[in-house]
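Take a look at the structure below.
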Amino acid sequence: MDVNKIKSADILDLLFEGRNKEYGAYELRKTYNKRITYALVGTFVICALLLVGSLIANSTKKGKSEIIVQDVSLENVKQEEKKPEPPPPPPPPKQEPPKVEITKFTPPKIVKDEEVKQEDEIKEVEKLEDTKIGTINQEGTKDEGIVAPPVESKGTGVVEAPKQEEDYDKVFTVVQNPAEFPGGQSAWAKYLERNLNRDLPVENGAPPGKYTVIVSFIVSKDGSISDVTAENDPGYGTKAEAMRVITKGPKWKPAVQNGRNVIYRNRQSITFVVSEE
């Protein structure tokens with residue numbers, strides 16, 4: 001290479017001076033920057049096309065979904081009608097004690113025969129053996145050792161039924177104070193709406209409509225949640241989603257019956273609504 005061309009020559013020309021430039025290595029190094037530029041531009045174009053396609057697909061999606069938390073308040077379970085208590089048995093009829101023959105005791109008194117009254121006449125001793133001595137004369141059965149019945153205390157005549165002790169370890173469905181989510185019913189509704197995946201039915205291909213799940217669960221004496229079960233399954237993942245959100249929730253305020261914390265079964269209705277735009 002001429003000395004005059006060295007200053008303006010490319011580094012590759014100096015490196016490959018006197019070598020076979022047609023072999024390929026020279027050409028690869030010579031076009032390296034151009035190929036890198038093409039690769040970066042091509043990558044950018046592909047990413048832009050993917051992004052635009054995704055936006056177009058989302059804008060043309062027909063359905064949208066929302067969640068309706070129905071019956072956020074604890075559902076009323078049909079209470080068993082209390083049967084009227086049977087009337088107390090009538091008091092037994094009072095039995096009058098048998099009358100015993102009584103002979104009036106007359107103290108001896110000396111008077112004229114015509115002045116003696118018949119009822120004051122002193123009875124013969126033989127006739128007094130089978131009779132009671134009293135202050136009046138009374139006809140009745142002979143005294144054969146009959147003991148007068150004890151005097152009955154007068155009661156109210158009402159027989160009180162025995163009180164049954166309530167079992168506080170059973171699962172209650174009706175109580176005086178039902179179990180409650182921390183913060184009340186409004187907080188419970190916000191919790192469900194915030195944590196449920198409302199787009200799940202659409203993602204699983206659900207057509208427009210309402211999909212209601214009824215979930216039953218136990219609130220223990222310490223407020224923890226257990227035994228979460230769904231009473232129905234409308235499909236498209238709604239059953240599992242409703243059970244998941246209720247299972248992972250915080251402790252509740254336990255139910256109270258007669259001043260005691262009791263085990264309570266609660267039922268909750270959750271509706272997923274899929275509608276067309």
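So the values come out like this:
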| read-out | value |
| --- | --- |
| P(r), alpha carbons of the range 159-275 - 5 Å bins starting at zero, rounded % | 2, 11, 19, 19, 15, 11, 8, 6, 4, 2, 1, 1, 0, 0 |
| Charge tally in the Cβ shell below 13 Å around residue 223, where Lys, Arg are +1 and Asp, Glu are -1, residue 223 excluded | +1 |
| Approximate spin-label separation residue 31-residue 233, in nm, with each point projected 7 Å along Cα-to-Cβ | 6.1 nm |
| Listed pairs 210/253; 221/251; 170/190; 190/221; 170/239; 210/248 exceeding 20 Å between Cα atoms | 210/253; 170/190; 190/221; 170/239; 210/248 |
| Length gained when the stretch residue 48-residue 195 is fully extended (0.36 nm per residue, less Cα-Cα span) | 49.6 nm |
| Cβ-Cβ FRET estimate between residue 248 and residue 57, R0 fixed at 22 Å, reported to 0.05 | 0.10 |
| Inter-part distance where the range 30-46 and the range 221-237 are each reduced to a Cα centre, Å | 56 Å |
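No value in this document is a laboratory result; all are computed from the given coordinates. Predicted model, so just to flag it, every value in this text is computed and none were measured. All Cβ positions, glycine included, derive from the backbone under ideal geometry; neighbour counts span all protein chains shown.
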